[in-house]
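The values are calculated or read from the model by the stated rules, or taken from the named source; none is laboratory data. Here the structure is a predicted model, which means the values were calculated and not measured. Ideal geometry is used to build each Cβ from the backbone, glycine not excepted, and the neighbour counts take in all protein chains shown.
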Amino acid sequence: MLSETLKSYHLILASGSPRRQQFFKDLGLTFEVRLRPVDEIYPNRLRHFEISDYLAQLKSLPFKEELKQNDILITSDTIVWHNELALGKPRDHEEAFDMISSLSNATHEVITSVCFTTKQAQKTVNAITKVTFKALSSDEISYYINTCRPFDKAGAYGIQEWIGHIGITAIEGSYTNVVGLPTQLVYKTLNSMVS
């Protein structure tokens, strides 16, 4: 199993997200959470997965000098891609309302990039999942924002929350990717790095 293969390595998860931390626990991995602030700003020329790839790599930079020989640092970023725009985390109720309204009765893509950094090398992978919402009423959107306060979530929603239960009609690809981490891809990449 992967935990056995990784026993001579030290995994560092650079994420404050409780969802990502829980996924690492669910994979049976021993890891340390280490956080460094980063301004999540990317060049305007970037599109689609280039944005999340860039931000996942950017989040690794503050750790570069402190990595030891057996460390594997994992950084990641999730965006919602819709109508040729990247939707990040909403700043307030109004922005959350606008984001969810734009996703209503439409299909969008959730893209998560995961960057693995060691003292010697760096590898970035990404997963793309298509998610379709039914037509959501204004009351449903407001109820969700007021109840769940999704201000820490890209695209202003969590698939695992109320709006996902009542609003999502189809999903094509990895479910865990939409929650915030493509666990199958993380498992596969870690295996390939240490085997």
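Some values worked out for this structure:
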{"read-out": "Extreme residue, farthest from residue 156 (Cα to Cα), among residues of the range 65-81 that are surrounded by fewer than 22 Cβ atoms within 10 Å (Cβ to Cβ) and touching a residue at least 24 places away in the same chain (Cβ under 8 Å)", "value": "69"}
{"read-out": "Those residues of the range 38-50 which are under 13 Å from residue 128 (Cα atoms) and either without any contact (Cβ under 8 Å) to a residue 40 or more places away in the chain or not hydrophobic (A, V, I, L, M, F, W, C) (or both), in sequence order", "value": "48, 50"}
{"read-out": "The one condition in (1) crowded, with 17+ Cβ neighbours inside 10 Å; (2) closer than 14 Å to residue 187 by Cα that residue 2 fails to fulfil", "value": "(1)"}
{"read-out": "Residue satisfying all of: in the range 8-47; of a type in the set (Lys, Arg) and surrounded by 10 or more Cβ atoms within 10 Å (Cβ to Cβ); modelled with the lowest pLDDT among these", "value": "19"}
{"read-out": "Selection within the range 132-173 - polar (S, T, N, Q) and more than 21 Å from residue 83 (Cα to Cα)", "value": "142, 146, 147, 160"}
{"read-out": "Only listed residue being touching an Asp or Glu at 6+ places or on another chain (Cβ under 9 Å), farther than 23 Å from residue 89 by Cβ and either of a type in the set (Gly, Ala, Ser) or at pLDDT 95 or above (or both), chosen from 117, 132, 107", "value": "117"}
{"read-out": "Given (1) free of Cβ contacts under 8 Å to residues at least 12 places away in the same chain; (2) surrounded by 14 or more Cβ atoms within 10 Å (Cβ to Cβ), index of the condition residue 56 fails", "value": "(1)"}
{"read-out": "Positions within the range 33-75 being among the hydroxyl-bearing types (Ser, Thr, Tyr) and closer than 13 Å to residue 122 by Cβ, in sequence order", "value": "54, 60, 75"}
{"read-out": "Residues (touching a residue at least 60 places away in the same chain (Cβ under 8 Å) and either on the phi > 0 side of the Ramachandran plot or among the aromatic types (Phe, Trp, Tyr) (or both)) located in the range 146-160", "value": "151, 155, 156"}
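Matching residues to (1) assigned to a helix (DSSP H, G or I); (2) in contact with a Pro (Cβ under 8 Å, 6 or more places away or on another chain); (3) under 25 Å from residue 164 (Cα atoms):
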{"residue": "51", "(1), (2), (3)": "yes, no, yes"}
{"residue": "57", "(1), (2), (3)": "yes, no, no"}
{"residue": "68", "(1), (2), (3)": "no, no, no"}
{"residue": "76", "(1), (2), (3)": "no, no, yes"}
